[in-house]
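First up is the structure itself, then whatever we jot down about it.
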Amino acid sequence: MTPPKKKQKMEEAPEGPSVEPGEELAEALREAAEAVGEGGPEVSETPSGDVAPGEEEPEALRRELGEVQERFVRLQAEFDNFRRRSLKERQEGLQYGHQNLVKDLLATVDNLERAIAHSAEDANASMESVLQGVELVQRELLGALGKHGVKVIAPVGEAFDPTFHEAMGQVPDASLEPNSVVQVLQKGYLVNDRMLRPARVLIAREPGENEGQAAPDGTEKE
């Protein structure tokens with residue numbers, strides 16, 4: 001009967017003796033449970049009268065958006081004022097931009113009127129005095145134009161330059177280099193280095209065997 005007893009002991013062995021938790025382990029488990037139980041509500045709850053961080057952010061964004069919109073409206077108004085002011089200045093420039101030139105020319109007009117009146121009063125006035133008056137008016141007129149950046153192009157003897165000159169013809173002239181300006185038919189003008197009108201000129205070329213020297217008016221000399 002001995003073998004059955006051994007079998008009974010082998011079946012009871014896996015159950016083993018039960019271990020009771022110690023006081024320190026039980027206390028640690030109890031503190032952990034309390035910490036877990038108390039931690040949840042503290043995260044979701046907020047103090048009375050305060051706003052949760054998630055609620056503060058939309059309010060701050062709304063304030064910032066309002067400030068940006070206010071700045072945009074102010075900049076838009078300033079730009080509209082600037083555009084109206086620029087348009088007004090441009091219109092005034094087109095209407096009155098030449099008033100300084102006209103003001104400088106008034107003295108020339110006055111002298112021209114005086115010369116005409118003097119010639120009408122003195123019927124015996126010599127042509128020389130009339131010519132002197134006209135020359136004075138011309139000098140004053142050119143001086144007034146010069147104050148506003150106007151320059152005269154009168155390139156007699158200079159090399160032909162299509163940028164500033166307009167060739168109206170060629171004349172034989174051995175005294176000048178070929179393609180040099182022999183005569184200015186109409187003076188040209190610049191304003192601040194910008195072309196107003198090119199000078200119309202006659203340019204020199206080598207005379208042929210049967211050609212004579214050209215005269216200033218473009219005709220050949222005998």
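Computed values, structure above
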quantity	calculated
Check on Q99, over 30 Å from L176 (Cβ atoms), modelled with pLDDT of 80 or more and loosely packed, with under 11 Cβ neighbours inside 10 Å	yes
Subset tally (residues that are small (G, A, S) and under 11 Å from L202 (Cβ atoms)) for the stretch 149-168	1
Residue that is nearest to the chain's Cα centre (by Cα) [pool: residues in the stretch 178-188 that are surrounded by 15 or more Cβ atoms within 10 Å (Cβ to Cβ) and either over 20 Å from P207 (Cβ atoms) or without any contact (Cβ under 8 Å) to a residue 24 or more places away in the chain (or both)]	G188
Qualifying residue in the stretch 152-174 (condition: within 20 Å of L105 (Cα to Cα) and of a type outside the set (G, A, S))	yes
Total residues in the stretch 157-200, condition under 22 Å from G146 (Cβ atoms) and of a type in the set (S, T, N, Q)	3
Residue ID - modelled with the highest pLDDT, chosen from residues in the stretch 201-222 that are outside any loop (DSSP other than H, G, I, E, B) and more than 30 Å from L145 (Cα to Cα)	A204
Among residues of the stretch 158-180, those that are part of a loop (DSSP other than H, G, I, E, B) and farther than 21 Å from E209 by Cβ, counted	6
Matching residues, the stretch 139-154, being over 32 Å from the mean Cα position of the chain (by Cα) and either of a type in the set (D, E, K, R) or under 11 Å from Y189 (Cβ atoms) (or both)	R139, E140, L142, I153, A154
Condition broken by V152, with the remaining ones in (1) closer than 30 Å to V182 by Cα; (2) of a type outside the set (S, T, Y); (3) in contact (Cβ under 8 Å) with a residue 40 or more places away in the chain satisfied	(3)
Condition check for H98: of a type outside the set (F, W, Y) and in contact with a Leu (Cβ under 7 Å, 6 or more places away or on another chain)	no
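The values are calculated or read from the model by the stated rules, or taken from the named source; none is laboratory data. None of the values given here were measured: they were computed from a predicted structure. Because the Cβ atoms are built from the backbone with ideal geometry, glycine has one as well, and the counts that use them run over all protein chains shown.
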